[in-house]
Amino acid sequence: MENLQLIIPELFISIMIMFLLIFGVFKKNSSQLVYNLTTVSLVAALTLIINLDAQIQSSLFNNSYNIDSLARFMKILLILSGIFVMLSSSKYIQISKISKIEYPILILCSILGMMVMISSNDLIVFYMGLELQSLALYVLASFNRDNLLSTESGLKYFVLSALSSGLLLYGCSLIYGFSETTNFNQIMVNTKEIEYGLTFGIVFILVGLAFKISAVPFHMWAPDVYQGSPTSVTVFFALLPKIAALTVFIRFLYIPFYELGDQWQMIIIFLSIASMVFGAVAAIGQKNLKRLIAYSSISHMGYALAGLSTGTTQGVQSSITYITIYLVMNLAFFSCLFMLKRNDEYYENIDDLSGLSKNHPLLSLSLLVALFSLAGIPPLAGFFAKFYIFVAVINEKMYFLAIVGLLATVIAAFYYLRIIKIIYFDPEKEKFESKHNLGLKFTLLASTFFILAYFIYPSGIVDIISQININ
Amino acid sequence: MNFPILSSLILLPTIGALFIFFVRSSNSQYQSSKYVALFITLANFFLSLYLWIVFDKSIVDFQFVEEREWISGFVNYKVGVDGISILFILLTTFITPICVITVNATIKNRLKDFLIAILILETFMIGVFCSLDLVVFYLFFEAGLIPMFLIIGIWGGERRVYSAFKFFLYTLLGSVLMLVAIISIYWITGTTDVIKLYELGIDAKYQNLLWLAFFSSFAVKTPMWPVHTWLPDAHVEAPTAGSVLLAAILLKMAGYGFIRFSLGLFPVASLYFVPLVYTLSLIAIIYTSLVALMQEDMKKLIAYSSVAHMGFVTLGIFTMTQQGIEGSIFQMISHGLVSAALFLCVGVVYDRLHTRLINRYGGLVSIMPKYAIVFMVFTLGALGLPGTSGFIGEFLVLMGAFKKNILVATIASLGVILGAAYMLWLYKRIIFGKLINEDVKKMVDLKSFEIVTLWLLVLPIIFFGFYPEPLINSIEVSVANMIDMNDLDKINKLALGD
């Protein structure tokens, strides 16, 4: 008998999905109630995960499902971000008239898929989780079905994502063919010798994964999808799938392919450099904030990959730290975006921010903090994120990667500064509404405080993350 | 005594900023936030004065050292002062209240935000001068960009956006290489603690590259030719208080960095790169002096003169003689006072006529006699007349240079003449001559707060010009120690060691 206690959080979320679906169908006008219940069940799932033993290390279902410290930490991160996304976007989906019962349920589905991805230790389980999250995301992207941009983004995401899933699956089959197993640990044992088929398999899998975290050159979908989707979905896109995809990256690179480091290291370095530089350069000309943050997140994923490319435990830990801080910064940025509302209409162009600081000093201060932090200027949290990455990279004597990365920060600083310039230096425009719901305010306050005060006690997160063992 | 006096110095302005931020005030109550800022900065000044008195000038070691675990097992928050850094802290805490006083006249809107920016900036500046860990130093060094960017951008002149961007990106670009170097040092030696690094020494084969990485950051910040072009733009567009802080303190961070890190950590490389620094310094001294001669904008002229003066500073530091380094430090302090005063003087007339073009003025002596007097003192201070603090610095630097290289010293001396030329010509065109312009006739002489701020600066310039002993005393032991660390025998031993 398997020890089902370990997957209680997943079971709980599955049950809640079914329950809420039935509940929503039978009870009229219950979309808001379902939304709130979803948030509550996420909180419950969070407590269930936290209750797991921190140092746990066990596998379920024929060693295909891993419950370890990495999975536990990433799931906490995932669900925590999920809760904050739900809290901050509740008002938005009401006003944008996309408040239907399916919306929160789809979010739960995709979170469940991501949890499966995070814990997967087997190619098939991994693929199952990936498809569960992707299918939910396709629908979410086109959720505002009367909006041309939203449907376009959904379709685009679907087509490109299906293509990448196909590549991924092809890679998986190659790996299976050459190692005679789908289990990650077994793959490691069976692939001592390098064969061409194996290398192809690795490349295909990495391409598929790079697509999921929108690393250059597989980033094309990201700007359109970020811009076209409803903002509440964009923030979801910007945060949660990245956590899951990065975890899978770590698992693939550090369990089955660990011995084949020579094969994948150059690929990851290339993806990393290309993403950092391209993301920084392409964002300069953008006019839409959501599109800009898409390019910015491409660039940020480049830094996270730089940590992974080192092939050391320290590198992985720096990547995890990076993604944690990245989540908070983006949460702060999107919370600000949700506050740009006037007469039931949301504004998302950079020009709309003009002179914001005169009418909304606190809001613009939060944006200032978030943007400087995204640019990686000390003493804000974003600097430390980059700092850990470069410490790990330079430790491996990869000076070229470090210098390119740092030069990319300077380029990126330009477009963040441009937004700050518009907020602080330009003439003011009409006021935005200053009343916001509590969840949104709380999210903004908490994330801004985290960014600002991180430098006081930077060891906190690092200590937690350093306890995660990868192998 | 266990009272964390340095941390209090660093934190006090931030606490003041938070206080001003959280106490909501309407327009009429702006004055109150100004008094809060003034009180805080003055308290900080007296605290640092106390520090200077308590400080034992005869000891080589760093004093008032505080150490706390920060990033566990990696970086410790470590601050401390020696004879060199304590002077820069004093300079910072002395100039900041003066800026706060002048704020009234120059800042028309969002006074509260401006005060907060200045206070936060003071925190970072003090932090730079007393941090004894490379990462902590970098943190403070870079963080100063944020408030300065906002000061130039929000309260600046017409081309403020361009200047603010140029300032920010130039400095950031220079600094990122330093970050790579800092992390490399950590992996080479296992620590970023400056005191430990002084003892351990860094393997000679790494020093050249590391030195260059640090140099790229400090050269931009100093600024040295050819990366000085951000400075005139930033100065011209920044509000008076911003220019003052920039010229008086932010530029000194780089000079301080050269002494503390380039000389202290990489003695072999410093020796190796002496010709490079000499060349760049001489070009800065001669070329920017000539450029300054041709300026029509007062602030631009003073900005270029800053580049020339900082050329003397870098020249003096890399003579690696007792006189040269002492002269550089003295020159930095003196330039901090004089350039701050000159920018304030420009601010005075700019507030009245709203132009900085030199040819719009003329004949001010007959309508603004009080102004003419103080301006004369500062002009003489800037060109290094004996009896002002400017003389001592330049003289010591040249003395150090003559010891090492007569050609270099001779060329640098030419710069002194050029300096006298552009400063006196500026003075002549503004103060003397005929009163032609109608609006100039309507200008009123110094107001009381302007008299206070300007005379506060006149006093130390003349005092230290006649009696430099207190400053020299304070740096003597530390500089001697620095020279000792750069001793040729020791360097050779290190070079052979690898």
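A few notes on this one:
- Selection of the range B:409-443 for residues being among the small types (Gly, Ala, Ser) and farther than 22 Å from B:Phe318 by Cβ yields B:Ala420, B:Ala421, B:Gly433.
- In the set (1) out of contact with any Ser or Thr (no Cβ under 6 Å at 6 or more places or on another chain); (2) of a type outside the set (S, T, N, Q); (3) touching a residue at least 12 places away in the same chain (Cβ under 8 Å); (4) assigned to a loop (DSSP other than H, G, I, E, B), the condition left unmet by A:Ile468 is number (1).
Quick grid of which residues meet (1) touching a residue at least 40 places away in the same chain (Cβ under 8 Å); (2) out of contact with any Leu (no Cβ under 9 Å at 6 or more places or on another chain); (3) not in a helix (DSSP H, G or I):
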position	(1), (2), (3)
A:Lys192	yes, yes, yes
A:Gly197	no, no, no
A:His219	yes, yes, yes
A:Val235	yes, no, no
A:Phe249	yes, no, no
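- Residue in the range A:331-350 that is modelled with pLDDT of 90 or more and open to solvent by 10 Å² or more (accessible area, probe 1.4 Å) present: yes
- Of all residues in the range B:185-219, those satisfying the criterion of being open to solvent by less than 10 Å² (accessible area, probe 1.4 Å) and within 12 Å of chain A (Cβ to nearest Cβ) are B:Ile185, B:Thr192, B:Ser217.
- Members of the range A:428-465 that are within 14 Å of another protein chain (Cβ to nearest Cβ), surrounded by 15 or more Cβ atoms within 10 Å (Cβ to Cβ) and not in a helix (DSSP H, G or I): A:Pro458
- Among the candidates B:Phe402, B:Phe375, residue that is touching a Phe, Trp or Tyr at 6+ places or on another chain (Cβ under 9 Å) and of a type in the set (Phe, Trp, Tyr): B:Phe375
- Some residue of the range A:123-143 being open to solvent by 20 Å² or more (accessible area, probe 1.4 Å), within 21 Å of A:Ala222 (Cβ to Cβ) and not in a helix (DSSP H, G or I): yes
- Within the range A:199-217, the set of residues being in contact (Cβ under 8 Å) with a residue 40 or more places away in the chain, open to solvent by 10 Å² or more (accessible area, probe 1.4 Å) and assigned to a helix (DSSP H, G or I) comprises A:Thr199, A:Val203, A:Val207, A:Phe211, A:Lys212.
- Among residues of the range A:375-389, those that are closer than 12 Å to B:Ala143 by Cβ and charged (D, E, K, R), counted: 0
- When residues in the range A:420-451 are screened for being touching a helix residue (DSSP H, G or I) at 6+ places or on another chain (Cβ under 6 Å) and aliphatic (A, V, I, L, M), 6 of them pass.
- Filter result (without any contact (Cβ under 8 Å) to a residue 60 or more places away in the chain and buried (at least 18 other Cβ atoms within 10 Å of the Cβ)) within the range B:406-448: B:Ala409, B:Val416, B:Tyr427
- Residue check for A:Leu327: more than 9 Å from every other protein chain (Cβ to nearest Cβ) and at pLDDT 90 or above: yes
- Residue count, the range B:462-487 (criterion: open to solvent by 70 Å² or more (accessible area, probe 1.4 Å) and hydrophobic (A, V, I, L, M, F, W, C)): 2
- Positions within the range A:308-323 being open to solvent by 10 Å² or more (accessible area, probe 1.4 Å) and in a helix (DSSP H, G or I), in sequence order: A:Thr313, A:Gln314, A:Gln317
- Scoring A:Gly405 on the criteria (1) open to solvent by 20 Å² or more (accessible area, probe 1.4 Å); (2) in contact with a Phe, Trp or Tyr (Cβ under 8 Å, 6 or more places away or on another chain); (3) assigned to a helix (DSSP H, G or I) leaves a single failure, condition (1).
- Checking each residue in the range A:385-398 for being assigned to a helix (DSSP H, G or I), more than 7 Å from chain B (Cβ to nearest Cβ) and open to solvent by 10 Å² or more (accessible area, probe 1.4 Å) picks out A:Lys386, A:Tyr388.
- Any chance B:Val75 is surrounded by 20 or more Cβ atoms within 10 Å (Cβ to Cβ) and under 20 Å from the mean Cα position of the chain (by Cα): no
This table checks each residue for (1) in contact with a Leu (Cβ under 8 Å, 6 or more places away or on another chain); (2) surrounded by fewer than 22 Cβ atoms within 10 Å (Cβ to Cβ).
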| residue | (1), (2) |
| --- | --- |
| A:Lys27 | yes, yes |
| A:Tyr35 | no, no |
| A:Leu46 | yes, yes |
| A:Asn51 | no, yes |
| A:Phe61 | no, yes |
| A:Ala71 | no, no |
| A:Tyr92 | no, no |
| A:Ser96 | no, yes |
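- Consider the range B:118-136 and keep the residues that are touching a residue at least 60 places away in the same chain (Cβ under 8 Å) and either within 11 Å of chain A (Cβ to nearest Cβ) or open to solvent by 10 Å² or more (accessible area, probe 1.4 Å) (or both). The one that is nearest to B:Leu87 (Cα to Cα) is B:Gly127.
- Remark: A:Leu368 falls outside the filter, which requires a residue to be within 13 Å of chain B (Cβ to nearest Cβ), open to solvent by 10 Å² or more (accessible area, probe 1.4 Å) and over 21 Å from A:Tyr415 (Cβ atoms).
- Against the test of being at the interface with chain A (Cβ under 10 Å from one of its Cβ atoms) and either closer than 20 Å to B:Lys300 by Cα or among the polar types (S, T, N, Q) (or both), the options B:Phe140, B:Phe149, B:Phe167 yield a single qualifying residue, B:Phe149.
- Answer from B:Phe64, B:Phe55, B:Phe45 - the residue that is on the phi > 0 side of the Ramachandran plot, modelled with pLDDT of 80 or more, open to solvent by less than 60 Å² (accessible area, probe 1.4 Å) and more than 14 Å from chain A (Cβ to nearest Cβ): B:Phe64
- Filtering the range A:410-424 to residues that are open to solvent by less than 10 Å² (accessible area, probe 1.4 Å) and within 9 Å of chain B (Cβ to nearest Cβ) leaves A:Ala413, A:Leu417, A:Ile420.
The values are calculated or read from the model by the stated rules, or taken from the named source; none is laboratory data. In this text the structure is predicted, and so the values were computed from the model without any measurement. With ideal geometry, Cβ positions are generated from the backbone for all residues, glycine too; neighbour counts draw on all protein chains shown. SASA here: full protein model, heavy atoms, side chains in, ligands and nucleic acids out. Shrake-Rupley method; radii C 1.70, N 1.55, O 1.52, S 1.80 Å.
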